[in-house]
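Following: one structure in C-alpha cells, then a few remarks.
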Amino acid sequence: MEYLFLLALVIGIIFYCGYRCGVKEEHKSNEYEKSLLKEDYQKKKDLLNKKFLLLNEIRSCSFIFEKVASLYTDLKLYMYDETIFSLENRQRPAFKAADEVKQIKAKSKDILEKYKVMSYKYEFLINQFPELKEYVDDYEAIIQNSNNEISIEDASDLHDRVKDWIRDEDYKKLDANTRNQLALDNWLKHRKMSNAQVGYEYELFIGFLYKQNGWQVEQNGIDRGLEDLGRDIIAKKMIDGRLKIHIIQCKRWSEKKEIHENVVNQLYGTTIQYILMNKQNPLHNITDITPVLTTTAPLSKIAQSFADYLKVSVKIIKMGDYPRIKCNINQSSGEKIYHLPFDQQYYSTKINMPGEFFASTVKEAANKGFRRAFRHLAL
C-alpha cells in the first residue's frame, strides 16, 4: 500500500512538473508572439511618423524649392538680358523697347518660378505617394506647362506668329488673309498642345455645341482660369417659362482613364454653392440648375453611383471640330478684330457681345468686316 502511495506521488510530481513546463512554454510562446506584434506595430508607427515628418518637411522647406526654381529661371531667361543689352547699346538705342522687354522678363520670371516650385512639389509628392496620381488629373499639365520654352521672339510685338506656321517665301508673297488661313490650316495639322490647351479646346467645343442648341454660354473656365471653382461653362436657356442653367465641368481625358468620384463631388459642391450665391435672384424660383459632367472618359463604378445619387448629369462626348477664329468687337472703338488660336490674346478674348462670333475661316471673318489684330502679343 505504501508502495502504491509512493508511485502515485511520483506520477503526480511528474505530471505537475510537465504541466508547469507546458505552462512556461506556452507563456514563452505568447510572449514571443506579443513581442513580434509589438515590433510590427512599432515599425508601422515609425513609418507613419516618417510620412507625417515628410509632409511637414515639404511645408517647411519651400525655400529650397524656390531657390532651385529661381536659379533655373535665371538660366532660362538669360536671353532676355542679351536682348535688353542689345537694345540699349545699339547705334540708335531703343530704351522704350528695352523697358518693355524688362517688364516681360519680370512677368515671365514670376510665372515660371511659380510653375517650377509647383512642379517640384508635385513630383516630390507623387514619388513618395504614387497613389495620389489617380486623383491628380492635371499633374501632367502642370509639369508640361512648367517646362514650356519661353522664346525671346515672344518679347517683341514685331514677331507675327503666322511666321511660325508658313514658309518665309509664302509670308512675303501672299496677302494677309491668305497667309493667315494657310497658317491656321498648318496649325490644325501640326500643332503640339499642352494638356491645358487640350482642355481649353474641349471647353470651347462643348460651348459651341450648347450655342448651336440656343443656349447662352459663359466660358467660365477659360475666362477665370484657376478661379472658375470647377465651373468650366455656365449655360442658360429659357424653356417653357423656366430658366434652365447648366453648371458644366469638362474633362477631356484618355478613354483608358476613369473619372473618379472626387470629380463628381466637386461639381456637385460647386453647383450647390452657385445656387446659394444666387438665392436672392428674382428668377431663383423659376430656375432649374443642373450639374453636368461632359467627358471623353468613362466613370468608375463608384463615380457613376455618386452621379446617380447626386443627380449629376453625365454626357460622354468625344472631341469634334468647331469654328476656331474669335471675332471680337472693341467696345470703346467699335473695331472688328479677329484672333487666331496661336495668337497670345486668343484665350483672354471673350466672345459674348452682340455681333461677336466664332468663324471657321479667315474669309468668313474678313467678309463680315473683321481684320486680324495688329498687336499679336500682349505686352
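Data table
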{"quantity": "Cα-projected label distance for LEU310 with GLN216, points at 7 Å along beta-carbon direction, nm", "calculated": "2.7 nm"}
{"quantity": "Unit charges on C-beta of K, R, D, E only; dipole of segment 232-379, Debye", "calculated": "300 debye"}
{"quantity": "When each of LYS189/LYS211; LYS326/LYS350; LYS256/LYS315 is checked by Cα-Cα distance, pairs over 19 Å", "calculated": "LYS189/LYS211"}
{"quantity": "Accessible-area value, SER194, 1.4 Å probe, nucleic acids and ligands omitted, Å²", "calculated": "10 Å²"}
{"quantity": "26 Å Cα-Cα reach of LYS102 towards lysines, excluding residues that sit fewer than 8 places from it in its own chain", "calculated": "LYS67, LYS76, LYS114, LYS116, LYS163"}
{"quantity": "Beta bridges by DSSP in segment 274-357, antiparallel share as percent, to the nearest 5", "calculated": "55 percent"}
{"quantity": "Stretch gain in nm, segment LYS350-MET118, where the contour uses 0.36 nm per residue and the Cα spacing is subtracted", "calculated": "80.7 nm"}
{"quantity": "Student exercise, segment 169-315 dipole from Lys, Arg, Asp, Glu Cβ charges, in Debye to nearest 20", "calculated": "120 debye"}
{"quantity": "ASN265-ASP110 FRET efficiency (beta carbon distance; Förster radius 35 Å; 0.05 resolution)", "calculated": "0.60"}
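The values are calculated or read from the model by the stated rules, or taken from the named source; none is laboratory data. Everything quoted here is computed from the prediction, not taken from an experiment. Counting neighbours? That spans all protein chains shown, and the Cβs are built from the backbone with ideal geometry, glycine included. These accessible areas exclude ligands, DNA and RNA; they are computed on the full protein's heavy atoms, side chains included. Shrake-Rupley method; radii C 1.70, N 1.55, O 1.52, S 1.80 Å.
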